[in-house]
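Written out below as structure tokens is the structure these notes cover.
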Amino acid sequence: MKKWIPWIGWTLLAVIVVAVIVNVVVAVRIPTTIMEVTINKKFNFPSNQWVFQPPITDNSTDVVRPAPDDIYSLLVYDVSQHPLRVTSETSEYWTISAFAMNTDNFFNLTSSQVKTNPVEVVFVSKGMTYQDPTGKAQVVTVPSDKGILMITMVLPNQAALPGILQIQKQTTAELVK
């Protein structure tokens, strides 16, 4: 009977170690794979360039669970070489959100939180230092060199659509060299 006890103990330990390793690998790799597929296959947008989505319809699929009263602007960012300056006017209900390659939502800014209009946000890679010469921009260090930015503006009524679309078209993104 005593011969079985060490064998069972070592087997149980091996099973636990393998389970922990598999769990960690899955927890780390799956979110990154989801973002890679989203960026490279679903969106397939050029980096650091806004893609302005039209108003939501029944056929809209670029944004997960889109709200019919929201107007979306999407950008696949890449700050591996240079910081990225985003400038946008805000509407009454405006939000910019940033998502890292592990799908973490690491930055949100709403129209009620902004101090200037237009808003300026500079996204910077971890290894870079950046000093905003204007003093107007909010500088954000990103957790991953690539990811997704999304601006959402609520469309309170159809009469507001032309103004919202104008704000959307004036939104810019430029690499700071």
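When you scan region 1-9, do you find a residue that is outside any loop (DSSP other than H, G, I, E, B) and modelled with pLDDT of 80 or more, even just one?
Residues of region 1-9 that are outside any loop (DSSP other than H, G, I, E, B), as a first pass: 4-9.
With the extra rule that they be modelled with pLDDT of 80 or more, the set shrinks to none.
No, region 1-9 contains no residue that is outside any loop (DSSP other than H, G, I, E, B) and modelled with pLDDT of 80 or more.
Residue-by-condition table, conditions (1) under 17 Å from TRP50 (Cα atoms); (2) of a type outside the set (Lys, Arg); (3) touching a residue at least 40 places away in the same chain (Cβ under 8 Å):
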position	(1), (2), (3)
SER97	yes, yes, yes
ASN108	no, yes, no
SER125	no, yes, yes
VAL140	no, yes, yes
LYS146	yes, no, yes
GLN166	yes, yes, no
VAL176	yes, yes, yes
With respect to the numbered conditions (1) exposed (fewer than 15 other Cβ atoms within 10 Å of the Cβ); (2) at pLDDT below 80; (3) closer than 23 Å to GLN168 by Cα, which one is the sole condition not fulfilled by VAL51? (2)
So which residues in region 90-110 are at pLDDT below 95 and more than 23 Å from VAL28 (Cβ to Cβ), if there are any at all? THR90, SER91, GLU92, TYR93
Counting only residues that are in a loop (DSSP other than H, G, I, E, B) and under 13 Å from THR87 (Cα atoms), region 137-157 contains a total of 1
Of the candidates THR87, THR116, THR129, THR134, the one satisfying the condition of being at pLDDT 95 or above, of a type in the set (Ser, Thr, Tyr) and either assigned by TED's automatic domain parsing to the domain that holds ALA160 or not in a loop (DSSP other than H, G, I, E, B) (or both) is THR87
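The values are calculated or read from the model by the stated rules, or taken from the named source; none is laboratory data. Nothing here was measured: the structure is a model prediction, and the numbers come from that model. Positions of Cβ are generated from backbone atoms using ideal geometry, with glycine treated the same way; all protein chains shown enter the neighbour counts.
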